[in-house]
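One structure below.
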Amino acid sequence: MVFNNRPAIQTGAAEDNVISVDNLRYRYGKTVAVDNINFTVKKGEVFSFLGPNGAGKTTTINLLTTLLPIQEGRVSISGFDVEKQPDDVRRSIGIVFQNPTVDWNLTAWESLEFHGRIYSITKEVRRNRIEELLRVVELSEKRNTLVKHLSGGMKRRLEIARGLLTRPVVLFLDEPTMGLDPTSRMKTWDYVKKINEEGVTIFLTTHYMDEADRLSDTICILDRGKIIANGSSESLKSALGMDMIYLETDDDVKSTQIIEAMGVASVVRSSAEGLIVSLKDGSQCMPKLLERIREEDIEIKNVNLNKPTLDDVFIYFTGRGLREESNETPKADNKGRGGNFP
Amino acid sequence: MRTEFLTIFWRDMLKFFRIRSMLFTSLVQPAIWLALYGLSMSSNFELLTSGAAPPPGVLAVNYLTFMAAGVVSLTILFTCLYSGITLQFDKEFGLMKEMVASPLPRSHILIGLSLSGVTKSLIQSIVIFLFGYVLGVRFFEGFTLASTVLSILGIFLFVVLLAFGLLFLSSMIALKLESHEGLQGVITLLSLPLFFASNALYPITSLPVVIRMASYVNPLSHFINGFRYFSLGSDFYAFGMHYIFSSYDILISLAFLIGFDVITYLLALRTIKKTKIV
């Protein structure tokens, strides 16, 4: 199955774009990490970059946040050109990096104070905001605790607070819940939503389907440096245009032939665990489909009708699931990844 | 003038006083040098040079006092050269990312960190002064109160100048080398000739010509000239040698150290601007 050639779905370009990226390309030596991507982020939305490790998500964030030099293409954030006005861009954004970047030997309060001072925020404003943000992320009690004594979730919340200290137009969150336990993840999501409701545009990267699905207004699927799909979560799902049936029979090969012959549905994936069938109006068509299979004396062991998940979307567009990242060296910090894959 | 570098300085000093082991070792190490090396060598050197009598009217300086300048320079040398490791760790553990993603100019990172290195060097120098006095180091003999105060300021100026240059040098090397092991090797390699091809422990007049030439372009020698001028005076007798410094000599040493700082700063700044930190 080759789905890689499908055209990407574009969101309509609006005037109130906070981020616009044109023909962005980045190479590390001969390896192309970001391959000619184009997208826009509207003011006030939650925009997600979804893709496996090594898809180019972090490289893109590094380019957008001025950490890497622009080699080819144009990026504008909040009306400023990233290449020509890096300092203006830096003042307009907040960043929560993928790996923790808070100093372990400072207290929570000192970390925020340090950040506010390097952004030249005046003392009074700085002190007020720190108090407010510590309250928002529920760390007021921990203000004098050294960062190294905070839990993983608290550290992440502290970094989110830090990213917001400068009142950014856009907050970048690179894999914000990686390595967190389920409770801390949910809490982090709540903060992200709350921040977004206050009007901050959020740009996040993730390889968790549920995270992108729950938080985002727009999702961009990135694979091997290219955007393979771009749209709202709903529109991506309807790009499949269909429902998904998970089917287990005692003769999958023959079942596949029958289904394909009917012309209303197609088998998206066939594996030892059964078939994944995509079709329009699943609830109406499924009885007919199952009937046809049974007519051929094939026993149906298990059947399940679902709305497609983003994982299905990913399989649909790339022909492979996220689990099938090939030739990738496992990262040391991937302990938080389980549970969200098919 | 933008003063954000003070924030970098503030953070680093906070950590210096907070991490007790760091504070303790950095203060005790120079004292041990002075106590072990200073006392044992001075008893030997006094014996060797006891035959030579100082010219009449010239201040005779014991070896411990003579080499105290060497211990100060050695302490500054090691503290400052190794401080580049902080930069490497900050880069590796992502702390630098927060700074380079902010509008803070990179020169402020360099200056802020160096300023804290300089402060540590000053604190260490004071510790050596006080501990040295207990052991029998005698500075400012025959000085009036006013000239003592001026001399202390002069010494501080030279400490600051030497420390800055070495810190910039270390920052540059640390950023160019990716590995901590590599950095340690280079620092060891660098600190040996810097220390021994200098007038820290012995006079240079009798050294082999190549080493003597090297010591003339060694910032450590110029620091020590200044240090001895301010702590012992322009005319003293030590190590069987009659030392006479003119103001002219000291100005040359001062100019040399300023030049050293300017060059190392420019090199370090170029390196930190070019370094990719992601």
Of the residues that make up segment A:286-296, is at least one modelled with pLDDT under 85 and charged (D, E, K, R)?
no
For segment B:242-253, what are the residues that are surrounded by fewer than 18 Cβ atoms within 10 Å (Cβ to Cβ) and either closer than 30 Å to B:Met172 by Cβ or of a type in the set (A, V, I, L, M, F, W, C) (or both)?
B:Ile244, B:Asp249, B:Leu251, B:Ile252
In segment A:28-62, residue farthest from A:Asp311 (Cα to Cα) [restricted to those that are within 14 Å of chain B (Cβ to nearest Cβ) and not aliphatic (A, V, I, L, M)]:
A:Gly29
Is it the case that some residue within segment B:91-113 is of a type in the set (Val, Ile, Thr) and more than 14 Å from every other protein chain (Cβ to nearest Cβ)?
no
Would you tally the residues in segment A:106-125 being within 11 Å of chain B (Cβ to nearest Cβ) and either in contact with a strand residue (DSSP E or B) (Cβ under 8 Å, 6 or more places away or on another chain) or in a helix (DSSP H, G or I) (or both)?
10
Elements of type helices (runs of 4 or more DSSP H) contained in segment B:1-87, each with 2 or more residues being aromatic (Phe, Trp, Tyr) and within 14 Å of chain A (Cβ to nearest Cβ):
B:5-18
Counting only residues that are surrounded by fewer than 23 Cβ atoms within 10 Å (Cβ to Cβ), among the polar types (S, T, N, Q) and modelled with pLDDT under 90, give me the helices (runs of 4 or more DSSP H) lying completely in segment A:143-237 with at least 3 of them.
A:182-197
Between B:Phe45, B:Phe93, which is within 30 Å of A:Leu63 (Cβ to Cβ), among the aromatic types (Phe, Trp, Tyr) and out of contact with any Lys or Arg (no Cβ under 6 Å at 6 or more places or on another chain)?
B:Phe93
It is to be established whether one or more residues within segment B:61-77 are within 30 Å of A:Leu112 (Cβ to Cβ), in contact with a Phe, Trp or Tyr (Cβ under 7 Å, 6 or more places away or on another chain) and not aliphatic (A, V, I, L, M).
no
Search result, residues across segment B:1-45 that are in contact with a helix residue (DSSP H, G or I) (Cβ under 6 Å, 6 or more places away or on another chain) and more than 30 Å from A:Lys148 (Cα to Cα):
B:Pro30, B:Ala31, B:Trp33, B:Leu34, B:Gly38, B:Ser42, B:Phe45
Lone qualifier among A:Leu236, A:Leu146, A:Leu165, A:Leu215 - being touching a strand residue (DSSP E or B) at 6+ places or on another chain (Cβ under 9 Å), under 24 Å from A:Asp35 (Cβ atoms) and aliphatic (A, V, I, L, M):
A:Leu236
Could you check, for segment A:298-307, whether at least one of its residues is crowded, with 21+ Cβ neighbours inside 10 Å and either hydrophobic (A, V, I, L, M, F, W, C) or part of a loop (DSSP other than H, G, I, E, B) (or both)?
no
Residues of segment A:57-79 satisfying the condition of being within 21 Å of B:Arg106 (Cα to Cα) and surrounded by 18 or more Cβ atoms within 10 Å (Cβ to Cβ):
A:Ile61, A:Asn62, A:Leu63, A:Leu64, A:Thr65, A:Thr66, A:Leu67, A:Leu68, A:Ile70
Residue among B:Gly70, B:Gly38, B:Gly57 that is under 21 Å from the mean Cα position of the chain (by Cα), modelled with pLDDT under 85 and farther than 16 Å from B:Lys120 by Cα:
B:Gly38
With the requirement that a residue be of a type in the set (Val, Ile, Thr) and either at the interface with chain B (Cβ under 10 Å from one of its Cβ atoms) or under 20 Å from B:Leu104 (Cα atoms) (or both), what does segment A:63-93 give you?
A:Thr65, A:Thr66, A:Ile70, A:Ile77, A:Val82, A:Val89, A:Ile93
Anything in segment B:1-41 that is of a type in the set (Ser, Thr, Tyr) and farther than 29 Å from A:Glu110 by Cβ? List them, or say none.
B:Tyr37, B:Ser40
Could you tell me whether any residue of segment B:158-179 is of a type in the set (Val, Ile, Thr) and surrounded by fewer than 22 Cβ atoms within 10 Å (Cβ to Cβ)?
yes
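Every residue, every condition in (1) surrounded by fewer than 19 Cβ atoms within 10 Å (Cβ to Cβ); (2) free of Cβ contacts under 8 Å to residues at least 24 places away in the same chain; (3) over 27 Å from A:Asp210 (Cβ atoms), yes or no:
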{"position": "A:Tyr246", "(1), (2), (3)": "yes, no, no"}
{"position": "A:Ser255", "(1), (2), (3)": "no, no, yes"}
{"position": "A:Ile276", "(1), (2), (3)": "no, no, no"}
{"position": "A:Glu291", "(1), (2), (3)": "yes, yes, yes"}
Just wondering, is there one or more residues in segment A:94-105 that are buried (at least 20 other Cβ atoms within 10 Å of the Cβ), touching a helix residue (DSSP H, G or I) at 6+ places or on another chain (Cβ under 6 Å) and either part of a helix (DSSP H, G or I) or more than 13 Å from chain B (Cβ to nearest Cβ) (or both)?
no
Does any residue of segment A:136-152 turn out to be in contact (Cβ under 8 Å) with a residue 60 or more places away in the chain, closer than 23 Å to B:Lys97 by Cβ and away from chain B (no Cβ under 12 Å)?
no
Are any of the residues in segment A:42-53 hydroxyl-bearing (Ser, Thr, Tyr), within 25 Å of A:Ile228 (Cβ to Cβ), in contact with a Phe, Trp or Tyr (Cβ under 9 Å, 6 or more places away or on another chain) and buried (at least 18 other Cβ atoms within 10 Å of the Cβ)?
yes
Would you be able to tell me the number of residues in segment B:1-60 that are surrounded by 15 or more Cβ atoms within 10 Å (Cβ to Cβ), within 24 Å of B:Val127 (Cβ to Cβ) and among the aromatic types (Phe, Trp, Tyr)?
6
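The values are calculated or read from the model by the stated rules, or taken from the named source; none is laboratory data. It should be emphasised that the depicted structure is a prediction, and the values quoted were computed from it without experimental measurement. Here the Cβ is made from the backbone with ideal geometry for all residues, glycine too, and neighbour counts use every protein chain on show.
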